[in-house]
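Just so it is clear, none of the values below were taken in a lab; they were calculated from the coordinates. Small disclaimer: the values here were computed from a predicted structure and weren't measured. In this analysis, Cβ positions are derived from the backbone assuming ideal geometry, glycine residues included, and neighbour counts consider all displayed protein chains.
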Amino acid sequence: MNSHRYDPRRYQEALEFALRAHEGQFRKGSDIPYITHPVAVSAILAQYGYEEDLVIAGLLHDVLEDTVVTAIELEKKFGEDITSVVRGVTEEKTDARGFPRPWEIRKEEAVWHAGLAEEPVVALKAADALHNVYCLIRDLRVAGNSIWTRFKRGKEQQLAYYRRLSSVIRERLMDNLLALELCEAVNILEKLASESRD
């Protein structure tokens, strides 16, 4: 995979936009600022040599799902290509009436979409999942199986989701190193979860 040169001003603009959008948000069950997650996802994509638009999409990947930012606003600021990729990883958390949609349906859609989406969307989903899995691994090592209580669904459902998602991403990206790292991380997570104390 070729490495790319990145425009630091453009990256800073996206970072500041994401910082404002996620202001006051924290990672689930912690006091860690939420912005650390999109920054980490963006860094993973950059480290694997993805082009600038995808690295910037990594910074912005949760703004449509978790903030008041609209697709129109995002496209006006960062263009159609970045917005399209961000939309590709955005879950619809509520239905047309504003009611929460079931976790199982949203995750089923995420796996299904990873099997059909264009490669940049799949790579972004892989980086997103990889950072989440690494965070779970660290949290398990520190706190044990009590970490699963912070989620809408428990350990078995979370593990099954990441297992299926990583499998589909591997099928799509083949021997891509990012896909391989995600599969390795999910294997570590499953092993640790089976050994971890309550």
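Miscellaneous remarks
- Relative to the longest principal axis of the Cα atoms of the chain, the long axis of helix 103-114 makes an angle of roughly 60 degrees.
- Cα-projected label distance for residue 36 with residue 92, points at 7 Å along beta-carbon direction, nm: 3.4 nm
- Each principal axis of segment 96-198 carries a Cα extent, and these read 41, 40, 16 Å when sorted largest first.
- Ratio of Rg to Rh for the chain: 0.95 [Cα atoms; Kirkwood radius as inverse mean 1/r over pairs].
- Segment 1-90, relative contact order in percent, only Cα pairs under 8 angstrom and at least six apart counted: 30 percent
- Exposure proxy order (Cβ contacts within 10 Å, fewest to most) of 177, 182, 19, 64: 177, 19, 64, 182
- Selected from 74, 45, 165 as most flexible by GNM, with the chain as the system and alpha-carbon contacts under 10 Å: 74
- Here each label is just a point 7 Å from Cα along the line to Cβ, and for residue 25 and residue 5 those points are 3.3 nm apart.
- Summarising the amide proton neighbourhood of residue 26: residues at separation of 5 or more, or on other chains, whose placed amide H is nearer than 5 Å comprise 34.
- Anisotropy class of segment 1-90 from Cα gyration tensor, a/c 1.5 cut: oblate
- The convex hull built on the alpha-carbon positions of segment 25-139 has an orientation-averaged projected area of 7.7 nm².
- For residue 107, a cut-off of 19 angstrom between C-alpha atoms picks up these lysines, skipping any fewer than 8 places away in its own chain: 28, 93, 125, 152, 155.
- Local electrostatic count, residue 33, Cβ distance below 11 Å [Lys/Arg +1, Asp/Glu -1]: -1
- Whole-number percent relative contact order across the chain, with pairs defined as alpha carbons under 8 Å at least 6 apart: 19 percent
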